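Below is one structure; the comments refer to it alone.
Each reported figure results from applying straightforward, stated rules to the coordinates on display, with no laboratory input. Everything numeric in this text was worked out from a predicted model, so none of it was measured. No Cβ is skipped: glycine too gets one built from the backbone with ideal geometry, and neighbour counts run over all protein chains shown.
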Amino acid sequence: MTIQILPDEVASQIAAGEVVERPASVVKELVENALDAGATSIHIKVDAAGKRLIEVSDDGCGISMEEMRIAMARHATSKLRRAEDLFHITSLGFRGEALASIASVSRMTLESKTRTEKTGARLIVEGGKESQFEPAGLPGGTTVRVEDLFLTVPARLKFLKTDATERSQIDSLVARYALAYPDVRFQLVQDGHSSLSTPGNGNRREVLAGLYGVDLARQMIEVLLQEENLNLTGFISPVSVTRATRRDITFFVNGRWVQDPALSSALVQAYHTMLMVGRYPAAALFLKLEPEEVDVNVHPAKAEVRFRSQDKVFSVVQRGVRRALLASSPVPYIQPSRWEMSSPQPPLVSPDWQMAVEAKPPADAHEEPGLQPPSTMPQPPVFSAGILPLLRLVGQIGATYLVAEAPDGLYLIDQHAAHERILFERMMHSTRGTLPSQTLLQPEVVELPPQSSRFISEQISVLNQYGFDIEPFGPHAFRVRAIPALLTNLHPSAALSTLVEDFEEDEAPLQNQREARLVARICKRAAVKAGQLLSEEEQKALLLDLEACQSPRTCPHGRPTMIHLSIDLLERQFGRRGAR
């Protein structure tokens, strides 16, 4: 093949592949343009998870009629003039690629009017080619309408996630920018329903409620630290509130949302010794420093930055967060009564169980049926992965694990994971609509964050078949009349939160089974917990129910319910049989 220069439309589509990964990428670029234009109000409208329509309107400075066509060209920008300007970037956009890249893979309409012009203009571009340009009577500001995203590269649509996931990405993105710019009024409407609306009054804690929910917003700890030319502000979660992933960790550097592993590491290290392994805080932190101290020209999507003094930035984040944590979480005084149990502990070993070494066999025991010398003792039976042998209870250890004996060895059973499996199979195998529920004395109205409320709205019909009685009651509110009997110890808001909150287990085994995931979440909350003392009867009932399960060896999330120590392994560990 001969070497050729690519046509402009092909080059634009290649650039679009770097800038426009998904609908949320389009929203991000257009929102950043609106913020750079000095907007005080930004309205975002999305249909079909952004595939059909993304519209962003602002009241910013606008684009003059003479510059409309130039604005749609690649590498057209008002943000810089020389290469040296790359190290003094004070705006969010600067590459001049966003509008051209988006227009090359969609049908775009650009409408804008400056504050000084009497008439605005409308420019329509389809697949990177201009199809219409005309004057138009418009209010001040800019509106960008993106229709039929990936029109020219339909294969990209196959790589998008489900509509629910893509909508969630947009919700999360807009909420983060609303938090970073509390003086700007944000409105997000998805498929005709309001997902987010902020007052634009500068109060970040109000916006926090839209990102994390009202309850967590009240608990968030404020961070304030000023050192030389570096300013750190924001909010972090208390040690009692954790997440299974780093998803709820948000950093803005000079007003730009960045995803920097070093900053996340500094935050996590500030919580050192305060959080369990594998748990992470929720945080929204904002760094301000001199533009010369940070290089933003690192990633096509401007999602990564480099610091001139990374160690200094790392140290400021770590110390600022640690100080805020220590100031709000004084060391508690532990009274002796905390170590005393309110009720006597039941025996850990069943009364009818006695160690084999305590039994004294008769002298001729080796001649009795069933008792043979170890050298001739038959091998224990082998059971398939889906079948459990009959288990004989030994007792409970650490109020967390059950010990049981079987013909093929010893079993250590995680009581929480085992109970999850039992409840999951019972609910999945029961007839829909017949599961027991508890009607509330008074219906409760529960408000949820936009992202969570969307999830509940899409699953109401399924939830009502599994013991809930829920109906919409406002933009992000639901009226709860009944909850599953398994969750009667929870407040209705906690019962709904159970369905949307983060999980420490990997839900990959149930990734394509939304109904099963909902049931698994209910079962996780309802199952007995580690540290919960069980009576001997409860322990035996748990073993019997586990034996009856179709998949008894793992919980619904794939975590093992038990550890098997074979007789052969035990004999080798005690030196009774040589390694084989």
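Segment 446-502 and segment 414-430 have their alpha-carbon centroids 21 Å apart. Around the amide H of Thr250, modelled in the peptide plane, lie the amide H atoms of Ala283, Ala284, Leu285, all under 5 Å away and 5 or more residues distant in sequence or on another chain. What shape does segment 119-192 take by its C-alpha gyration tensor, where a ≥ b ≥ c are the square roots of the eigenvalues and a/c under 1.5 counts as rounded, a/b above b/c as prolate, and the rest as oblate? Since a/c reaches 1.5 but b/c is at least a/b, the shape of segment 119-192 is classed as oblate. Computed 3J(HN,Hα) for segment 553-559, one whole-Hz value per residue from the Karplus formula 6.51 cos²θ - 1.76 cosθ + 1.60 where θ = phi - 60°, is 8, 9, 7, x, 8, x, 7, glycine and proline marked x. Listed by Cβ neighbour count within 10 Å, with the fewest neighbours leading, Lys288, Lys540, Lys524, Lys113 appear as Lys288, Lys540, Lys524, Lys113.
By the count of neighbouring beta-carbon atoms within 10 Å, fewest first, Ser535, Ser41 end up ordered Ser535, Ser41. Separation of segment 202-248 and segment 144-158, taken as the distance between their Cα centroids, equals 36 angstrom.
Going by C-beta contacts inside 10 Å, put Phe186, Phe150 in order with the fewest on the left.
Working: Phe186 25, Phe150 20.
Ranked by crowding around the Cβ, least crowded first: Phe150, Phe186.
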